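Novice: Mind having a look at this structure? Questions to follow.
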Amino acid sequence: MTFELPELTFVSILDYVGTLAFAISGIRLASAKRFDLFGAYVVGLATAIGGGTVRDLLLDVPVFWMHNGIYFIINLVALLLVGVLGKVVIRQKNTWFIFDTIGLGMFAVIGIEKTLAEGFPFWVAIVMGVLTGSGGGVVRDVFLNDIPLIFRAEIYAVACVLGGLAYWAFWALGFDSVGCGLVCGIVVILSRIIAVRYHINLPTLRGEEHET
């Protein structure tokens, strides 16, 4: 594992920004539950890299963060930001929502393209795109003993599904991976923003609880 910063590209910058936003979202929630510094760091790290880790294990490829320790440094920066700037960071809900949404879109694209590069069919790529984008949040919520966000009514994982379908549609039309990835990311981001802005949610099941 190396801590050398690789060559920066537009995609890698957005990847790091999304990682920072995901890490902060996890650490913010951990701080609200009075986790200690180590616990908050673990929750932030799980949020940031959890989805990509599970994806790589399922694809049977080397796990991405084992080749580059920058993700651990980004998580440490997130911990310092929440610890030092606490209330200031927590107040920036709209700003971090945008970063988180951009990260969601970018991670979905990364998951799809990595899966296709390994020779898997498109339906698997869409599943891995969803997992890469939203899997870290599931791990975070499990650590925090909450119902995972993707199992609630809010549009989150579904945005990744829509983005994956858009990627597939444009690929079928003959677009290259750059164009398909751009369309996928835009669809994920816009789907999430529109759903939150206009309070668009999935219907919920309302069953009766029975005592056992």
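The values are calculated or read from the model by the stated rules, or taken from the named source; none is laboratory data. Remember, it's a predicted structure, so these values are computed and weren't measured experimentally. FYI the Cβ positions are ideal-geometry reconstructions off the backbone, even for glycines, and counts take in every protein chain you see.
Novice: Of the residues that sit in segment 162-189 and are in contact with a helix residue (DSSP H, G or I) (Cβ under 8 Å, 6 or more places away or on another chain) and β-branched (Val, Ile, Thr), which one is surrounded by the fewest Cβ atoms within 10 Å (Cβ to Cβ)?
Specialist: Taking the candidates together, the pick is Ile186.
Novice: With Val77, Val54, Val43, Val89 as the choices, which residue is touching a Lys or Arg at 6+ places or on another chain (Cβ under 8 Å), among the hydrophobic types (A, V, I, L, M, F, W, C), closer than 27 Å to Val188 by Cα and modelled with pLDDT of 90 or more?
Specialist: Answer to the selection: Val43.
Novice: For residues that are exposed (fewer than 13 other Cβ atoms within 10 Å of the Cβ) and either within 23 Å of Glu113 (Cβ to Cβ) or in contact with a Ser or Thr (Cβ under 6 Å, 6 or more places away or on another chain) (or both), tally how many sit in segment 61-86.
Specialist: The number of residues fulfilling the criteria is 3.
Novice: Does Leu165 fit the bill of being at pLDDT 90 or above and aliphatic (A, V, I, L, M)?
Specialist: Considered against the rule, which asks whether it is at pLDDT 90 or above and aliphatic (A, V, I, L, M), Leu165 comes out as yes.
Novice: Related question: For segment 156-174, give me each residue that is farther than 9 Å from Cys184 by Cβ and not hydrophobic (A, V, I, L, M, F, W, C).
Specialist: Tyr156, Gly174
Novice: Confirm whether Ile200 is more than 18 Å from the chain's Cα centre (by Cα) and at pLDDT below 95.
Specialist: Yes; evaluated as a whole, the condition is true for this residue.
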